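Here it is, the structure, as structure tokens.
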Amino acid sequence: MASTNFPTVTIQNSGHQFQVRPSQTVLEAAIDAGVNLPYGCRNGACGACKGKVVSGKVMHDDFQGSTISEAELAAGQALFCCARPLEDLVIECRELSSVAGIKPRLLPVRVQKKEQLTGDVMVLFLQLPASERLQFVAGQYLEFILKDGKRRAFSIANAPHDDALIELHLRLIPGGQFTQYVFEEMPEKAILRIEAPLGTFYLREDSSKPIIFVAGGTGFAPIKGIIEHMIHQGMQREVVLYRGGRVEHDLYMHALCERWAEFLPNFTYIPVLSEAPVDTQWQGRTGLVHEAVLADYPDLSAYEAYVCGAPGMVEIAHQTFVKQGLSVDAFFSDAFTFAPK
Ligand SMILES: Cc1cc2nc3c(=O)[nH]c(=O)nc-3n(C[C@H](O)[C@H](O)[C@H](O)COP(=O)(O)OP(=O)(O)OC[C@H]3O[C@@H](n4cnc5c(N)ncnc54)[C@H](O)[C@@H]3O)c2cc1C
Ligand code: FES
């Protein structure tokens, strides 16, 4: 049982309470207590966990300066993934119901199959121990726990109904400790450790608004999981999938997206290349993927946007979509930040 000497956090909106052990951040303690605050990277790089400290003091671990400004900190805002309470806190933040009751677990996994799709994209299929299955919501991610204790986050690309294997899409990071190992050395059947499921990038099913998905590179992974979940559930919401890549080669699983567009009513697929060579056969859209959305939707107020990929793309999409009418509550994202050094 939790000691009563640890700081207690009370969420003002709901009255939910939990205690924070000395080794924990506010977010870690909330996850532990089954309280679902929004978050993405868990390391101060994406800003998804930002909320307000109404009373009490926190101390922040390291975070990236771009995620929260001095003015926001002075106004009592905090990044709960890096904030440690110095006393009891009352905080103000959104709570999420869809991941309620699903607590992340530490599990061993076996690499069942490695499938290199392009020079820098590898699909990994992971097998859980025979007696286990992973309960998760489409769009969530897992973290590998490396031998030195470091963690690396990757989104789950399959939907929960199809959970015999966990599918991941890894982009090779030159000089990257984990992805370079996976591409160059890791044998099939290797045993790895994961913590899963994590994250709050999932479909808000209580809405009927049409959806604009924007996937940059391997940001396609969680969006694939969400779309396959929607197909399985027979959801009828209008969906437009924008995929961004530099060159045609970057649009791995392009044929799958074309099949969705061919067979699903209410589904449109718009691939966009930012560096299509002049002599290419490419007949499709060119430019930056978020600019294609802005050009097609002068008024985004009736839509929801789910955006995933490089942090710069996610940030610019957020800023410009909101400027073009998207409600701030209708923007959901996972930014593929690097693990902390
Ligand atoms: C929630 C979440 C989900 C993710 N899902 C996916 C996914 O599905 N697929 C996918 O491909 N990736 C995903 N990522 C990104 C992935 O976790 C990182 O790219 C990871 O760091 C790669 O690990 P690595 O060990 O290969 O590289 P690292 O060892 O982490 O990085 C090494 C390289 O990156 C450089 N680097 C490190 N930190 C920084 C920095 N802050 N700024 C600039 N350069 C830096 C280093 O100099 C070095 O060259 C996700 C990230 C998050 C947060
Ligand atoms: S900054 Fe806290 S979850 Fe990303």
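The values are calculated or read from the model by the stated rules, or taken from the named source; none is laboratory data. Keep in mind the model is a prediction, meaning the values are calculated, not measured. Glycine also receives a Cβ, built like all others from the backbone with ideal geometry; neighbour counts cover every protein chain displayed. Calculation scope for accessible area: heavy atoms of the full protein, side chains included, ligands and nucleic acids excluded. Shrake-Rupley method; radii C 1.70, N 1.55, O 1.52, S 1.80 Å.
Applying the selection to region 74-95, what residues are within 14 Å of ligand 2 (Cβ to nearest atom) and open to solvent by less than 50 Å² (accessible area, probe 1.4 Å)?
The first filter runs over region 74-95 and keeps only residues within 14 Å of ligand 2 (Cβ to nearest atom), leaving 77-84, 91, 93-94.
If the condition is that a residue be within 14 Å of ligand 2 (Cβ to nearest atom) and open to solvent by less than 50 Å² (accessible area, probe 1.4 Å), then A78, L79, F80, C81, C82, A83, I91, C93 are the ones that fit.
With the structure loaded, tell me whether A305 is part of a helix (DSSP H, G or I), within 14 Å of R243 (Cα to Cα) and more than 15 Å from ligand 2 (Cβ to nearest atom) or whether it fails that test.
On the way: part of a helix (DSSP H, G or I): no; within 14 Å of R243 (Cα to Cα): yes; more than 15 Å from ligand 2 (Cβ to nearest atom): yes.
Answer is no for this residue.
Now a separate question. I'm told G325 meets every condition in (1) surrounded by fewer than 21 Cβ atoms within 10 Å (Cβ to Cβ); (2) touching a strand residue (DSSP E or B) at 6+ places or on another chain (Cβ under 8 Å) except one. Can you identify the failing condition by its number?
(2)
Also, I was wondering about something else. Tally the residues that are over 22 Å from M122 (Cβ atoms) and in a strand (DSSP E or B), restricting the search to region 250-275.
5
Would you check if there is a residue in region 318-330 being outside the structural domain of G245 (by TED's automatic domain parsing), away from ligand 2 (no atom under 14 Å from the Cβ) and of a type in the set (K, R)? Lay out the reasoning, then the answer.
Step one: filter region 318-330 for residues outside the structural domain of G245 (by TED's automatic domain parsing), giving none.
Looking through region 318-330, none of the residues is outside the structural domain of G245 (by TED's automatic domain parsing), away from ligand 2 (no atom under 14 Å from the Cβ) and of a type in the set (K, R).
A further question on this structure: Quick one: would you say A45 is more than 12 Å from ligand 2 (Cβ to nearest atom) and either within 22 Å of V328 (Cα to Cα) or assigned by TED's automatic domain parsing to the domain that holds Q135 (or both)? Step through it out loud before you land on a result.
On the way: more than 12 Å from ligand 2 (Cβ to nearest atom): no; either within 22 Å of V328 (Cα to Cα) or assigned by TED's automatic domain parsing to the domain that holds Q135 (or both): yes.
So A45 does not fit the description; no.
Hey, does region 21-41 have a residue that's of a type in the set (S, T, Y), surrounded by 14 or more Cβ atoms within 10 Å (Cβ to Cβ) and away from ligand 2 (no atom under 16 Å from the Cβ)? Steps first, please.
Here is the first cut: in region 21-41, the residues of a type in the set (S, T, Y) are 23, 25, 39.
From the residues that got through so far, the ones that are surrounded by 14 or more Cβ atoms within 10 Å (Cβ to Cβ) too are 25, 39.
So of that shortlist, the ones also away from ligand 2 (no atom under 16 Å from the Cβ) come out as none.
The answer is no; no qualifying residue exists.
Sticking with this one: Suppose we filter region 42-61 for residues that are within 16 Å of ligand 1 (Cβ to nearest atom) and open to solvent by 50 Å² or more (accessible area, probe 1.4 Å); how many remain? Write out each step before concluding.
Our first condition is that a residue be within 16 Å of ligand 1 (Cβ to nearest atom); within region 42-61, this holds for 42-50, 61.
Then keep just the ones that are open to solvent by 50 Å² or more (accessible area, probe 1.4 Å); that gives 42, 50, 61.
Number satisfying all stated conditions: 3.
Within region 62-88, how many residues turn out to be assigned to a strand (DSSP E or B) and either within 16 Å of ligand 1 (Cβ to nearest atom) or within 17 Å of P38 (Cβ to Cβ) (or both)? Steps first, answer last, please.
First, pick out the residues of region 62-88 that are assigned to a strand (DSSP E or B): 77-79, 83-85.
With either within 16 Å of ligand 1 (Cβ to nearest atom) or within 17 Å of P38 (Cβ to Cβ) (or both) added as a condition, the list becomes 77-79, 83.
Of the residues in region 62-88, 4 are assigned to a strand (DSSP E or B) and either within 16 Å of ligand 1 (Cβ to nearest atom) or within 17 Å of P38 (Cβ to Cβ) (or both).
Could you count how many residues in region 277-294 are hydrophobic (A, V, I, L, M, F, W, C), out of contact with any Gly (no Cβ under 8 Å at 6 or more places or on another chain) and open to solvent by 30 Å² or more (accessible area, probe 1.4 Å)?
Within region 277-294, residues that are hydrophobic (A, V, I, L, M, F, W, C), out of contact with any Gly (no Cβ under 8 Å at 6 or more places or on another chain) and open to solvent by 30 Å² or more (accessible area, probe 1.4 Å) number 3.
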